[in-house]
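Worksheet: the structure to be examined is printed underneath.
The values are calculated or read from the model by the stated rules, or taken from the named source; none is laboratory data. These numbers come from a predicted model, not from an experiment. Reconstructed Cβ throughout: ideal geometry from the backbone, glycine too, with neighbour counts over all protein chains shown.
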Amino acid sequence: MPSVMLRKRDDGKLLFYVAKKDLEETIESLEFDAPEKWGGEVVLGDGSRYYFEPLSPAPKIPTTLQAKRL
Amino acid sequence: MPAMTREETEALIQEVLEVYPEKAKNDRAKHLAVNDQSLEKANKCITSNRKSLPGVMTIRGCAYAGSKGVVWGPIKDMIHISHGPVGCGQYSRAGRRNYYVGTTGVNTFGTMNFTSDFQEKDIVFGGDKKLAKLIDEIEVLFPLNKGISIQSECPIGLIGDDIEAVAKMKKKEHGKTVVPVRCEGFRGVSQSLGHHIANDAIRDWVLEARDGDDSFPTTPYDVAVIGDYNIGGDAWASRTLLEEMGLRVVAQWSGDGTIAEIEKTPKVKLNLIHCYRSMNYIARHMEEKYSIPWIEYNFFGPTKIAESLRRIAAHFDDTIKEGAERVIERYKAEYEAVIAKYRPRLEGKRVMLYVGGLRPRHVIGAYEDLGMEVVGTGYEFAHNDDYDRTIKEMGNATLLYDDVTGYEFEEFVKKIQPDLIGSGIKEKYIFQKMGIPFRQMHSWDYSGPYHGFDGFAIFARDMDMTLNNPCWKNIKAPWKKETASEPVKAAA
Ligand code: SF4
């Protein structure tokens with residue numbers, strides 16, 4: 001379960017960063033993206049998929065969350 | 001020599017790889033690439049941040065070098081103990097030319113070497129007592145120090161000393177910041193992990209010092225310059241531009257920096273990152289914890305400087321935006337004169353770079369401003385994200401080399417025959433003896449600053465005086481020159 005740092009890029013896209021893995025990718029899709037439910041499956045720019053435990057309310061970004069690799 | 005095509009560059013890589021045994025060849029092949037601007041992500045073409053091969057000549061440093069030499073060392077009012085045997089600190093002492101103001105040995109300590117000078121008995125019985133004694137001695141001899149950092153060398157981790165306990169005890173006793181840094185040289189594959197460890201130590205032991213204390217009066221224009229090590233005065237040449245446009249620079253990390261500045265950084269409005277590789281970790285942390293946004297900027301060469309000033313100004317109101325335009329306008333005549341003078345002498349010259357941190361991509365713009373072309377570049381200790389940022393800066397079909405070996409670098413140079421090479425001191429004399437002009441691009445070859453508009457003038461002059469130096473014509477011994485082979489007429 002890598003620790004993932006999430007931040008917004010200038011153009012509004014979410015960036016998915018794992019320091020240990022040297023991985024910095026954009027988030028292309030997010031299963032739940034609403035103020036009351038956030039998380040689920042994410043697909044990154046390189047096609048890999050991860051899973052965030054759905055959160056409610058949505059977290060304030062930037063933040064660090066645990067993700068599962070799918 | 002005309003620019004090489006993609007096929008030629010690929011063939012060159014194959015040719016150079018030929019001498020390696022099979023396994024080494026496969027490994028090194030992943031680190032050499034032909035640039036393709038159409039790629040979004042570098043991991044498609046190049047692998048980085050991997051262990052160097054045994055048996056090749058790498059140009060990398062160690063984690064201790066990344067922490068003590070790069071991140072912590074320049075913090076001038078702290079004393080950084082090179083904890084372990086004497087050599088690691090002594091042989092790297094003052095080599096980076098991080099300029100600072102202050103009286104060395106009284107209130108600043110940048111060029112001094114403090115070490116616990118481990119002997120056999122310290123390895124056998126542990127060095128914690130010695131460390132405690134050393135800190136007490138420092139307090140007596142240099143009472144104006146503002147804090148101490150303990151930079152671990154290899155043995156500390158191997159013998160299992162508890163430097164954290166000593167740090168906590170001495171912090172209580174002396175009422176000063178004492179930071180244990182676990183940057184033993186064997187950690188990681190290069191100095192890069194040392195940067196990360198050093199960032200984490202700042203986060204854990206320094207950054208929170210003024211949380212909840214609002215006595216420091218802030219302004220809406222507060223910024224911190226992060227990842228500028230003031231080599232040859234770089235940070236000063238950068239800082240003046242930011243101040244001229246109306247910003248207030250609260251902290252310099254870490255060239256000419258102080259621990260007080262670092263503690264105040266969480267109060268700023270925007271973090272400006274110059275060396276992304278060595279300081280992005282702490283910027284990300286501050287963004288998350290203190291909601292301080294950060295941006296990367298590039299102060300090499302007028303084109304990039306103007307771009308960066310505008311991008312920085314976009315984060316502020318109109319007074320700053322006007323300020324940025326005013327600054328660009330003010331220096332215009334100056335840098336145009338520099339270009340007018342040197343461009344005709346440097347136009348079309350081809351450069352190969354091999355450095356660390358940010359320079360393999362950041363200086364490209366400065367060369368281009370002078371009409372020069374960077375035909376090959378590479379990093380000692382980059383990660384994927386650095387190459388992501390490099391692909392767009394480099395021309396198509398140019399050569400990229402990660403953690404290049406001494407052999408590969410020489411072979412590339414022989415084939416590409418650049419007009420100038422920018423790399424480190426270990427490479428300098430090899431290439432000079434091959435007759436190729438060389439600039440030492442880690443410490444600016446004892447020159448600088450190169451940042452900012454003022455720095456650009458010095459950069460241009462240095463490149464010109466190296467490249468167009470008459471000595472290069474005299475590299476070949478007179479009797480080996482073509483003309484000498486003409487038969488000499490025997491005296492009648
Ligand atoms: S690798 Fe270890 S022994 Fe060598 S310089 Fe680095 S800390 Fe010192």
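Is one or more of the residues making up region B:201-217 assigned to a helix (DSSP H, G or I), within 16 Å of the ligand (Cβ to nearest atom) and either at positive phi or more than 14 Å from every other protein chain (Cβ to nearest Cβ) (or both)?
Yes, region B:201-217 has at least one match.
So which pairs qualify, if the first residue must be in region B:1-24 and surrounded by fewer than 11 Cβ atoms within 10 Å (Cβ to Cβ), the second must be not acidic (Asp, Glu), the Cβ gap must be under 8 Å, and the two must be at least 6 apart or on different chains?
That search, which allows pairs on different chains as well, returns B:MET1/B:ARG350; B:MET1/B:ILE416; B:MET1/B:GLN417; B:GLU18/B:LYS25.
For region B:49-68, state whether one or more residues are under 26 Å from B:SER192 (Cβ atoms), part of a strand (DSSP E or B) and not hydrophobic (A, V, I, L, M, F, W, C).
No, there is no match, as no residue in region B:49-68 is under 26 Å from B:SER192 (Cβ atoms), part of a strand (DSSP E or B) and not hydrophobic (A, V, I, L, M, F, W, C).
Would you point out which residue out of B:HIS196, B:HIS274 is within 16 Å of the ligand (Cβ to nearest atom), under 24 Å from B:ARG96 (Cβ atoms) and not aromatic (Phe, Trp, Tyr)?
B:HIS196
Looking at B:ALA260, B:ALA251, can you tell me which residue is touching a Ser or Thr at 6+ places or on another chain (Cβ under 7 Å) and away from chain A (no Cβ under 14 Å)?
Going through B:ALA260, B:ALA251 in turn, just one is touching a Ser or Thr at 6+ places or on another chain (Cβ under 7 Å) and away from chain A (no Cβ under 14 Å): B:ALA251.
List the strands (runs of 3 or more DSSP E) inside region B:246-357, counting only whole elements, that have at least 2 residues being crowded, with 20+ Cβ neighbours inside 10 Å. Explain how you work it out, then say what you get.
On the way: elements: B:248-254, B:270-273, B:294-296, B:350-353.
Strands (runs of 3 or more DSSP E) meeting the threshold: B:248-254, B:270-273, B:350-353.
Search region B:144-166 for residues being in contact with a helix residue (DSSP H, G or I) (Cβ under 8 Å, 6 or more places away or on another chain) and away from the ligand (no atom under 16 Å from the Cβ), and hand back the single one that is farthest from B:ALA209 (Cα to Cα).
Top of the filtered list is B:ASP162.
Name the strands (runs of 3 or more DSSP E) wholly within chain A that hold at least 2 residues that are within 12 Å of chain B (Cβ to nearest Cβ) and not polar (S, T, N, Q)?
A:3-8, A:14-18, A:23-33
So, in region B:25-59, of the ones that are buried (at least 16 other Cβ atoms within 10 Å of the Cβ) and within 16 Å of the ligand (Cβ to nearest atom), which residue ends up nearest to the other protein chains (Cβ to nearest Cβ)?
Ranking the qualifying residues of region B:25-59, first place goes to B:SER52.
From the list A:GLU53, A:GLU25, A:GLU36, pick out the single residue that is within 11 Å of the chain's Cα centre (by Cα), charged (D, E, K, R) and either modelled with pLDDT of 90 or more or more than 26 Å from B:ILE282 (Cα to Cα) (or both).
Step by step, each of A:GLU53, A:GLU25, A:GLU36 is checked, and only A:GLU53 is within 11 Å of the chain's Cα centre (by Cα), charged (D, E, K, R) and either modelled with pLDDT of 90 or more or more than 26 Å from B:ILE282 (Cα to Cα) (or both).
Go through region B:69-87 residue by residue and tally those that are in a loop (DSSP other than H, G, I, E, B) and either within 14 Å of chain A (Cβ to nearest Cβ) or near the ligand (Cβ under 8 Å from one of its atoms) (or both).
Taking region B:69-87 first, the residues in a loop (DSSP other than H, G, I, E, B) are B:73-78, B:84-86.
Those still in the list that are either within 14 Å of chain A (Cβ to nearest Cβ) or near the ligand (Cβ under 8 Å from one of its atoms) (or both) too: B:84-85.
Total satisfying the criteria: 2.
Considering only residues of region B:358-378 that are in a loop (DSSP other than H, G, I, E, B) and modelled with pLDDT of 95 or more, which is surrounded by the most Cβ atoms within 10 Å (Cβ to Cβ)?
It comes out as B:GLY378.
Residue by residue, here is whether (1) under 20 Å from the mean Cα position of the chain (by Cα); (2) more than 13 Å from the ligand (Cβ to nearest atom) holds:
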residue	(1), (2)
B:GLY95	yes, no
B:TYR100	yes, yes
B:GLY105	no, yes
B:THR108	no, yes
B:LYS130	no, yes
